[in-house]
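Participant: One structure, pasted below without further comment.
The values are calculated or read from the model by the stated rules, or taken from the named source; none is laboratory data. Since the model is a prediction, treat every value here as computed from it, not as a measurement. Cβ: placed from backbone, ideal geometry, glycine included. Neighbour counts: every protein chain shown. Note: areas computed on protein heavy atoms with side chains; ligands, DNA, RNA excluded. Shrake-Rupley method; radii C 1.70, N 1.55, O 1.52, S 1.80 Å.
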Amino acid sequence: MKSIILLAPPAAGKGTQSDLLCKKYGFVHISTGDLLREAMQKDDEMGHMLQEQMQSGKLIDDGVVFQLLENKLKTIQDTSGYILDGFPRNVNQAEGYNQLLQSKNQELSAVIYLSVDYDLALKRIVGRISCPKCGHVYNDMIEENQPSVKGICNDCGIELTKRSDDNEETFKVRFETYIDQTEPLITYYKEKGLLYEVDSSVSTAEVFKQIESIVERL
Ligand code: AMP
C-alpha cells in the first residue's frame, strides 16, 4: 500500500491535488484538517475545545491528531494507497508516523513538497470556497477554479461554503505556524531521501502533471 505525504504551506493546493490523485489512482484522501473539522461538529468536550482552537490557526495537540488519524487508517485496509494531506505538521508527528508505519511493516513511499509563495497562497485562501457535500474546492479569485454558476457546486448543485479560518488574519498565523513548525520537515525528509519538490505556483493541471510523473515512478 502506497503512503504519500503532501507537504505544503496553507493554500498551496494540497486538497485539490489530493482529489485528483485519488480519482486517477484510487487512493484514499486523508486530511487531518477534515478529520478535525468533523470532530469539531460534535456536541462534546472535544468538539467544543476544537471549535476554539481551530479558529486560532495554531496547531492542535499531537495526541488528538494521532488518535483521529489512527482511527481513520483502521478503516482503509483494501486500497492501493493513501494521501496524507496536512499531516505531519511537525517533527514530533513525523517521528510518530514513522513508528506507526514500522509497527505495520509498511514504508513511506514519498513526500511531495508543493512550494508556493506567501502572496499567492493568500490570494488562494481569500477566494477559497468548497462544497459541504463532496468537498470539492473552488476559488472565486482564480478563473480556472471558479464554479460554472457562481457560489454553486458543479457536481452537487448546492451552495458552496467558506471555511471560518480562511480569512487574512488567521491565514497569517497559519503561515507563521507553517514556517516555524512544518517547514523543518523539508530538510527532515530530504535527509531521508524521500522528498520530491513540485512548483505549485502554476496551474492546477500543470502541478498535477509534475505530481503524476513522481507517482508513476514509485
Ligand atoms: P488544514 O485543513 O490542513 O488547513 O488545517 C486546518 C487547521 O486544522 C490547522 O490550522 C490546524 O489548526 C489544524 N490541523 C490540521 N492538521 C493538523 C495536524 N496534523 N496537526 C495539528 N493541527 C492540525
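Participant: Based on a Kirkwood Rh over C-alpha pairs, give the Stokes-Einstein translational diffusion coefficient of the chain at 20 °C and viscosity 1.002 mPa s in µm²/s.
Facilitator: The estimated diffusion coefficient comes to 120 µm²/s.
Participant: For the range 94-181, just run the numbers: alpha carbon Rg, then divide by 2.2 N^0.38 Å, N being how many residues it has.
Facilitator: The reported ratio for this selection is 1.42.
Participant: Got the relative contact order for the range 1-98 handy, in percent, Cα pairs under 8 Å and 6 or more residues apart?
Facilitator: 49
Participant: Along the charge dipole of the range 1-126, Cβ charges K/R +1 and D/E -1, which of Q51, V65, H29 sits furthest on the positive end?
Facilitator: Most positive-ward Cα: H29.
Participant: Starting at the first residue of the range 30-40, write each ³J(HN,Hα) from the Karplus equation 6.51 cos²θ - 1.76 cosθ + 1.60 with θ = phi - 60°, in whole Hz, x for Gly and Pro.
Facilitator: The phi angles translate into 10, 10, 5, x, 5, 4, 5, 5, 5, 5, 5 Hz.
Participant: How large a share of the accessible area of the chain, in percent, is made up of carbon and sulfur atoms when the probe is 1.4 Å and the other protein chains stay in place? Walk me through the numbers before you get to the answer.
Facilitator: Numbers: 5300 of 11390 Å².
That fraction is 47 percent.
Participant: Suppose every K and R has +1 on its Cβ and every D and E has -1 on its Cβ; what is the size of the dipole of the chain about the Cα centre, in Debye to the nearest 20?
Facilitator: For this selection, approximately 480 debye.
Participant: I've got another one for you. Mind listing which trypsin sites (Lys or Arg not before Pro) in the range 146-186 are in a DSSP loop and have 11 or fewer other Cβ atoms within 10 Å?
Facilitator: Sparse-neighbourhood loop trypsin sites (Lys or Arg not before Pro): K150.
Participant: Any idea what log10 I(q)/I(0) is at q = 0.17, 0.18, 0.21, 0.30 Å⁻¹ for the range 29-82, Debye with uniform C-alpha scatterers and no solvent?
Facilitator: So the normalised log intensities work out to -0.55, -0.60, -0.77, -1.28.
Participant: Still on this structure, I have one more. Using a 1.4 angstrom probe, figure out how much accessible area the chain has per residue, in square angstrom, rounded to the nearest whole. Please report the intermediate quantities before stating the final value.
Facilitator: Working: 11390 Å² over 218 residues.
Per-residue accessible area for the chain comes out at 52 Å².
Participant: Just the accessible area for V116, please: 1.4 Å probe, Å², rounded to the nearest 10?
Facilitator: Near enough 20 Å² of accessible area.
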